[in-house]
Structures are given as C-alpha cells and as structure tokens.
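Notes follow once the structure below has been shown.
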Amino acid sequence: MKYLIIIASLCCFIGIVDLPIGYYTFLRIIVSFMAFVIIVNEFRSRRFWFITFVLIFILFNPIFPIYLYLKPIWIVIDCIVGLLLLYYFYSLVPKKKIKEHENMNVQSQEIPRTRDRIIK
C-alpha cells in the first residue's frame, strides 16, 4: 500500500501538464482509490487524515465527477493532493532509532570453590 501512495502522488504531479482526458479519468480513479484505502485505515485513529482524505475522495471521485473547468485550479489541487499523499507516506514510514551503546553491568560473582570434590 505504501508504494501505491507514491504512485498516486506522482500521478498527481504528472497531471499538472496538459494531457488527454483519459489520463485525468485514470487520475481520478487512482487518487479516489488511495483516498478510500486511507479513509478505511484512519477511520478510528487519526481524525485529521480521515477528514482530509474524505474531502479528497469527494473531489476526485470518478462516479460523480466534480468539474471545475479551469486548469489553474486543478493544477493547485493536484499539487496539494500530491504533497499530502507524500506527507502521509512519510508519516507511515517508521523512524529508525539510533541504538545507544548498552553498558552491561556485569557483577562478578565468586564461585565458591572447595578442595573436596564429590564424585558420583
């Protein structure tokens, strides 16, 4: 799922250029699919991402499309959605923890030694 988010983000950035209408239909499908997956994952945990991707899902849904008719508006929306997808991807990646040197406090215990050995 993580790499599909990057693909959807890249598709948003590619959508900035003037392309045929078929690409924008594909863009609507892929972005709405990723928004739906994120909505399902964030349903109970993080409210900001849930609300944000519900709005993105409504804006990009291919079944009842919203037409804004002006390319500059869609360029801004595509950039914002692409950046949000990238930011969400980087929030999913676990941060590597730097391992600290572990100081082992080994207390030496003296083993009682006797001169007599018991042999069985």
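With every protein chain kept in the model, how would you rank 1, 34 by accessible area, 1.4 Å probe, largest at the top?
Details: 1 90, 34 5 Å².
So the residues, ranked largest to smallest area, are 1, 34.
Ignoring ligands, DNA and RNA, what accessible area per residue does region 1-82 give at 1.4 Å, in Å²? Mind dumping the intermediate values first?
Working: 5180 Å² over 82 residues.
Value returned for region 1-82: 63 Å² of accessible area per residue.
Determine the share of region 40-86's accessible area contributed by carbon and sulfur atoms, expressed in whole percent, with a 1.4 angstrom probe.
On the way: 2530 of 3260 Å².
The C+S portion of the solvent-accessible surface of region 40-86 is 77 percent.
The values are calculated or read from the model by the stated rules, or taken from the named source; none is laboratory data. What you are looking at is a predicted structure, and each value in this text was computed from that prediction instead of being measured. Accessible surface areas use protein heavy atoms only, side chains included; no ligands, DNA or RNA. Shrake-Rupley method; radii C 1.70, N 1.55, O 1.52, S 1.80 Å.
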